[in-house]
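Bear in mind that the values in this text are calculations on the coordinates, not laboratory data. None of these values were measured; they are calculated from a predicted model. Here the Cβ positions follow ideal geometry from the backbone for every residue, glycine too, while neighbour counts run over all protein chains shown.
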Amino acid sequence: MSDTATHPHERKVYYPSQQAVQSARISGMDAYRALCAEAEGDYTGFWARMARENLQWQQPFTHALDDSQAPFYKWFDDGWLNVSFNCLDVHVQAGKGDKTAIVFETDDGAVTRVSYAELLDRVGRFANALKSLGVNKGDRVVIYMPMSIEGVVAMQACARIGATHSVVFGGFSAQSLRDRIEDAGAVLVITADEQRRGGKSLPLKAIVDEALALGGCDTIRHVVVYQRTGGNVAFTAPRDLWMHELSAAHSPDCPPVWVEAEHPLFLLYTSGSTGKPKGVQHSSAGYLLWAKLTMLWTFDIRPDDLFWCTADIGWVTGHSYIAYGPLACGATEIMFEGVPTFPDAGRFWKMIEQHKVTIFYTAPTAIRSLIKAAETNPAVHPRNYKLDSLRILGTVGEPINPAAWEWYYEHIGGGRCPIVDTWWQTETGGHMITPLPGATPMVPGSCTLPLPGITAEVVDETGHDVPWGTGGILVIKKPWPAMIRNIWGDPERFKKSYYPEELGGYYLAGDGAIRDANDGYFTITGRIDDVLNVSGHRMGTMEIESALVSHPLVAEAAVVGRPDDITGEAICAFVVLKRPRPEGEEALKIAAELRNHVGVEIGPIAKPKDIRFGDNLPKTRSGKIMRRLLRSLAKGEAVTQDTSTLENPAILDQLGKTH
Ligand code: ATP
Ligand code: MG
């Protein structure tokens, strides 16, 4: 949100190749604009057309949008369908049952494949098993599983019988799991004996036992266990059951339970970067429509693609772009178990080479850590791998620093693959602002323009548009089919968090943004709470962080403000170098150099007052920087906030010390 005029750099623009444009589904900017114009001209008509053309309905809807109880919007309200039918049966019925649906690679590199027909068989058996355990339409089922085909089977089986799933990431503690089970009022937990991560076996079933023992989970009737490692686990009869035994005992033939369009497909707790996690409730039809459409538009998915989204099924990205979107398109996707740095930091590049991945979608945090790895260990540099099968790259989860974007573009994409920098949230269900690979000219660090039908805008605190070139609050003006429907059990928090009165009916994303003065491109400047005010200059944390990351020594940086008597707020930067953490004289020297670098890149006003070095930054389990914790550290306070989703608590001690 700084005055961009002070920025000495020209914006670099990268154009998709002629070939990418010619072959794309949305081919060129005129095609993009035509779709936007259609949505603008007849908003509900546009969405109705999309929903008719892209989903199979058991009973067609007669109207697209019901806004009579805004902001509790309903889409395609009187239509009925089934999500699993739309992801599996439609392809098998179309004669594509033999096509590979999922390729799966374990932590130790073993590969399995499942076709659409086999997946439907497994989903049907498990859905019948769930029914036999008394799981009914509308019941909540918590899924606490490792990355596995079985994880997708569990989600799809819930969808098949109209049960509402809530996937909890397998890295969460017993306490966090317990809280989510209780909040959702779940009747059943699906888990695994153990999971494999980085060559180690980690418990899952034991954590479920611990969570249930903490109390408050009386609604749970059964725990179903997928046998992943064969490790020793405690079994409590008749509560606990093996997934493979249940599936073997049931028929694959399970007619889908048709549900209303608005039936809750899933609840998903947000990652907690900004506060206590919220149970985001999604619909069936609107959600699936967008998961599918964004696969078609943003990834331009084709029958012969091998699509790889590296997210965990415990995050929304793993829902929309592993469990539902690719399958709704009848695509072939690859999933992996483990971490990007095991057996070494070349894992991703090796898998792309070996499986001939064509579309690759990952997070900036992974890219930054792999840059650091490649620069310290030449053996895992991507140049050692053949990556020419790739045609499209994507990122999600945080803003990508321009320096990391350029590395990704050049070293992974060979200067050939468009990068889709997709801005969206758990709450939005799917991509909202992103380049299109065969249309949008790209600017590193900018998520560019909203998808057709998405009315994103930058406004001030009273909901009025701000001029391009001025920072403000990111909102979505009109409801859209994949939007969050509620915070589970807390409609008041839903209204307060996303539809505050001052904004006059716009959806509040919680992120700050600025539109480029010339082309209106969106750049996310950070969370609204993270805006800094230094001597009256408003600055987004993102710009300063990107300036730091553009220095060759810096792998990662997080910037927060702390109160300052003279300047109002002082900038405090937490920095991870590509080399070991410096101390003493060396730390002072590098800090001075970095301060100077930011001064040159942005301007003297943006120079951090404090710079602290760490081995890492505090991150959520989804890999995002938790700046709210750093704010306490910068002030010299103890961290007293919700840290239930913090991945690496020990780092707080290290960063809390001033040099
Ligand atoms: P919580 O809501 O609990 O604080 P969270 O916001 O991190 O957690 P998610 O829904 O997973 O949970 O993340 C959405 C947020 O991630 C966005 O609001 C935005 O801040 C950030 N984000 C995601 N993709 C991008 C992107 N391409 N560019 C910039 N920021 C992004
Ligand atoms: Mg959020």
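Here are a few things to note about the model shown:
- Using 0.36 nm per residue and subtracting the Cα-Cα separation, the extra length available between THR229 and ASN518 on full extension is 98.5 nm.
- Cβ charges +1 (Lys, Arg) and -1 (Asp, Glu), total dipole of the chain, debye: 900
- Three semi-axes describe the equivalent ellipsoid of the range 535-655; taken as square roots of 5 times the Cα gyration tensor eigenvalues and ordered largest first, they are 21, 18, 13 Å.
- Relative contact order, whole percent, for the chain stands at 14, derived from Cα pairs under 8 Å and 6 or more residues apart.
- Remark: spin-label model distance ASP610-GLN93 equals 6.2 nm, labels positioned 7 Å along the Cα→Cβ axis.
- Here the 3J(HN,Hα) profile of the range 533-542, calculated from phi with Karplus coefficients 6.51, -1.76 and 1.60 at θ = phi - 60°, is 10, 10, 6, x, 9, 8, 9, x, 4, 4 Hz, Gly and Pro shown as x.
- When the pairs LYS372/LYS607; LYS278/LYS477; LYS131/LYS495; LYS137/LYS624 are compared against a 26 Å limit on Cα-Cα distance, LYS131/LYS495; LYS137/LYS624 fall above it.
- Over the range 573-637, volume per residue of the alpha carbon convex hull, in Å³: 111
- Neighbour-count order for TRP57, TRP488, TRP290, fewest beta carbons within 10 angstrom listed first: TRP57, TRP488, TRP290
- Put a plus charge on the Cβ of each Lys and Arg, a minus charge on the Cβ of each Asp and Glu, and nothing anywhere else: the dipole of the range 535-655 about its Cα centre is then about 240 debye.
- Seen from PHE522, the other residues with C-beta closer than 11 Å to its C-beta sum to a net charge of -4, counting Lys and Arg as +1 and Asp and Glu as -1.
- Fully extended contour minus Cα-Cα distance, from ARG579 to GLN654, at 0.36 nm per residue: 25.3 nm
- Kirkwood estimate for the range 173-253, i.e. one over the average of 1/r between Cα atoms, Å: 13.3
- Sorted fewest first by neighbouring Cβ atoms within 10 angstrom, PHE307, PHE46, PHE574 come out as PHE46, PHE307, PHE574.
- Calculated on C-alpha atoms, the gyration radius of the range 21-179 divided by its Kirkwood radius gives an Rg/Rh of 1.04.
- Computed over the chain, the P(r) tail beyond 51 angstrom holds 6 percent of alpha carbon pairs.
- Charging the Cβ of each Asp and Glu at -1 and of each Lys and Arg at +1, and nothing else, the dipole of the range 330-394 about its Cα centre rounds to 140 debye.
- Part-to-part distance (alpha-carbon centres) for the range 71-104 and the range 447-496, which is given in Å: 28
- Rounded to two decimals, the Cα-based Rg/Rh of the range 398-437, with Kirkwood Rh, is 1.04.
- Ascending count of other beta-carbon atoms within 10 Å, so fewest first, for LEU202, LEU451, LEU246: LEU202, LEU246, LEU451
- If R0 equals 30 Å, the separation of the Cβ atoms of GLN59 and ASP253 corresponds to a calculated FRET efficiency of about 0.85.
- As a rough guide to protection, the peptides 36-43, 612-619 ranked by mean Cβ packing within 10 Å, highest first, stand as 612-619, 36-43.
- Taking N as its residue count, the alpha carbon Rg of the range 208-344 over 2.2 N^0.38 Å: 1.28
- Note on the range 392-486: Rg/Rh from Cα positions, Kirkwood definition for Rh, rounded to two decimals, is 1.00.
- DSSP beta bridges in the chain [antiparallel fraction, %, rounded to 5]: 60
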